[in-house]
Amino acid sequence: MDKEFLVDADALRHAVELMGQPYSISVRSAIPPQLPERGLGSVETLERLAPNVLGGAARLGEVTAFAHKDPPTPWLTWATTLWNASLNQNLLHPETAPVARQLEETVLQWLCPYFGMRGGHMTPGSSAANLTALWAARECAGVKEVIASEAAHLSIKKAAHILGLDFRTVRVDAAGALSPGDLPADLTHAALVLTSGTTSVGALDPLDLIGRAAWTHVDAAWGGPLRLTCYASRLSGIENADSVAVSSHKWLFQPKESALIMFRDADKAAESISFGGGYLSEPNVGLLGSHGACAIPLLAMLWSWGREGVAQRIEHCMGMADTLAQHLANDPRIELFAQPSTAIVLWRPRERYSLDRILNDLPVGIASTVTIENSKWIRHTAANPNADIVRIVHTLNQVLERAQE
Ligand SMILES: *Cc1c(COP(=O)(O)O)cnc(C)c1O
């Protein structure tokens with residue numbers, strides 16, 4: 001019996017203990033440049049890797065983490081991910097993963113109604129979800145081109161490229177949302193992609209455009225989870241879309257890779273992107289072959305928190321973004337890009353303040369940068385419910401004071 005394949009509760013407990021240690025950047029193990037001939041052994045490997053892996057990453061749940069769309073993850077998802085790794089189920093084969101496949105359907109059954117969708121499946125991210133949606137659009141609606149705003153995520157252009165569809169962009173307004181006036185008049189052969197929460201600025205494209213094109217896909221990778229909250233009406237009309245993508249590894253606090261592609265006419269869509277195979281007992285739907293049970297950590301968190309628990313955390317993030325925006329709007333040293341609609345806040349200093357010095361001084365993890373029309377903006381993304389907004393505002397103030405030229 002090879003013990004490496006059995007549960008070693010003490011060793012696993014030790015792995016968890018290592019997670020709680022403080023690691024200093026200066027203490028790193030040397031990783032052999034070549035595959036070692038003789039192995040180190042599992043416990044020794046864990047200890048050597050811990051400072052590198054656990055000490056070598058941004059802490060997304062820290063009180064000043066406010067930069068990216070990557071959230072901290074609840075411990076329940078760590079435990080269920082460990083179960084997943086130990087079982088290594090393959091959802092391609094119903095025989096090895098009968099319950100996990102059912103649980104993925106349950107997650108979709110729980111979430112689809114908030115988007116007016118009837119079914120779908122999980123993918124390793126919204127890049128893959130967007131590609132899946134546009135693939136179904138090509139098969140079901142015969143679309144020849146993809147139209148999206150110039151602020152759409154690069155995965156839309158990538159998907160059009162892969163699928164051999166033309167790609168056209170439409171201008172955005174001052175707040176970064178698609179300008180309906182610039183849409184082509186004839187959309188009978190087009191898939192229109194509307195973004196709910198654009199990548200750079202979090203803008204919401206007008207969802208009343210749904211229905212004008214042969215197929216409308218809503219890329220709600222970031223903003224989608226607002227449908228579970230008191231802000232649901234910001235995405236009103238999404239229920240009329242043909243397909244919707246949501247990244248659960250963003251605002252649904254899941255470990256990567258986790259996302260959903262949902263369809264209004266789910267049966268037709270699934271059939272259009274299905275392939276049978278001699279060795280498969282059920283057809284393979286979508287892009288992936290072998291794949292794991294990322295639905296299980298998501299189901300666990302949703303069951304544990306309930307809709308209310310999810311909503312409360314996202315609403316808290318929205319509140320923090322509003323507080324920050326309000327503060328920045330009242331600061332004469334600063335130009336605010338726009339009022340945030342999906343908890344993304346952009347600003348830049350006015351004259352007499354050095355943007356470079358600000359960027360240099362900002363603590364790691366508090367902000368990211370985006371360039372819009374050749375101009376750099378500082379961006380905050382409220383994906384971390386544990387952020388301390390008072391401390392963040394205070395830190396920004398200090399950095400600004402030092403940046404006066
Ligand atoms: C993050 C994002 C994507 C890509 O999603 P991944 O999950 O990173 O693959 C697509 N569209 C928008 C609007 C995004 O914010």
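Anything in the stretch 23-46 that is in contact (Cβ under 8 Å) with a residue 12 or more places away in the chain and either in the same structural domain as Val393 (by TED's automatic domain parsing) or exposed (fewer than 15 other Cβ atoms within 10 Å of the Cβ) (or both)? List them, or say none. Ser24, Ile25, Val27, Arg28, Ser29, Ile31, Ser42, Val43, listed by residue number. From the list Thr198, Thr169, the one residue that fits, being in contact (Cβ under 8 Å) with a residue 24 or more places away in the chain and of a type in the set (Ser, Thr, Tyr), is Thr198.
Output the number of residues of the stretch 182-198 satisfying the condition of being within 16 Å of the ligand (Cβ to nearest atom) and more than 30 Å from Val345 (Cα to Cα). Before you say what the answer is, go through the steps one by one.
Pass one, the stretch 182-198, residues within 16 Å of the ligand (Cβ to nearest atom): 191-198.
Still in the running and more than 30 Å from Val345 (Cα to Cα): none.
Residues in the stretch 182-198 being within 16 Å of the ligand (Cβ to nearest atom) and more than 30 Å from Val345 (Cα to Cα): 0 in total.
Every test in (1) small (Gly, Ala, Ser); (2) within 16 Å of the ligand (Cβ to nearest atom); (3) closer than 19 Å to Val193 by Cα is passed by Ala269 save one, and that test is (2).
In summary, strands (runs of 3 or more DSSP E) completely within the stretch 161-271 and bearing 1 or more residues that are surrounded by fewer than 23 Cβ atoms within 10 Å (Cβ to Cβ), touching a Ser or Thr at 6+ places or on another chain (Cβ under 7 Å) and assigned by TED's automatic domain parsing to the domain that holds Arg118 occur at 166-170.
Taken over the stretch 93-150, the criterion of being surrounded by 21 or more Cβ atoms within 10 Å (Cβ to Cβ) and more than 23 Å from Ser247 (Cβ to Cβ) is satisfied by Val143 alone. Out of Gly181, Gly125, Gly164, one residue alone is of a type outside the set (Val, Ile, Thr) and in contact (Cβ under 8 Å) with a residue 60 or more places away in the chain. It is Gly125.
Mind checking whether some residue in the stretch 52-63 is of a type outside the set (D, E, K, R), in a helix (DSSP H, G or I) and surrounded by fewer than 16 Cβ atoms within 10 Å (Cβ to Cβ)?
Yes.
When every residue of the stretch 303-315 is checked against the conditions, at least one turns out to be at positive phi and outside any loop (DSSP other than H, G, I, E, B).
Tally time: how many residues in the stretch 365-403 are more than 16 Å from Phe337 (Cβ to Cβ), in contact with a strand residue (DSSP E or B) (Cβ under 7 Å, 6 or more places away or on another chain) and in contact (Cβ under 8 Å) with a residue 60 or more places away in the chain? Working first, answer last.
Filtering the stretch 365-403 for residues more than 16 Å from Phe337 (Cβ to Cβ) gives 365-366, 383-395, 397-403.
Narrowing further to those that are in contact with a strand residue (DSSP E or B) (Cβ under 7 Å, 6 or more places away or on another chain): 400, 403.
Those left that are additionally in contact (Cβ under 8 Å) with a residue 60 or more places away in the chain: 400.
Going through the stretch 365-403 one residue at a time, the tally reaches 1.
For the stretch 341-356, the set of residues classified as part of a loop (DSSP other than H, G, I, E, B), at pLDDT below 90 and of a type outside the set (D, E, K, R) consists of Ser354 only. Only residues that are in contact with a Pro (Cβ under 8 Å, 6 or more places away or on another chain) and in a loop (DSSP other than H, G, I, E, B): list them for the stretch 278-302, please. Within the stretch 278-302, Ser281, Glu282, Leu288, His291, Cys294 meet the criteria.
The values are calculated or read from the model by the stated rules, or taken from the named source; none is laboratory data. Small disclaimer: the values here were computed from a predicted structure and weren't measured. Here the Cβ is made from the backbone with ideal geometry for all residues, glycine too, and neighbour counts use every protein chain on show.
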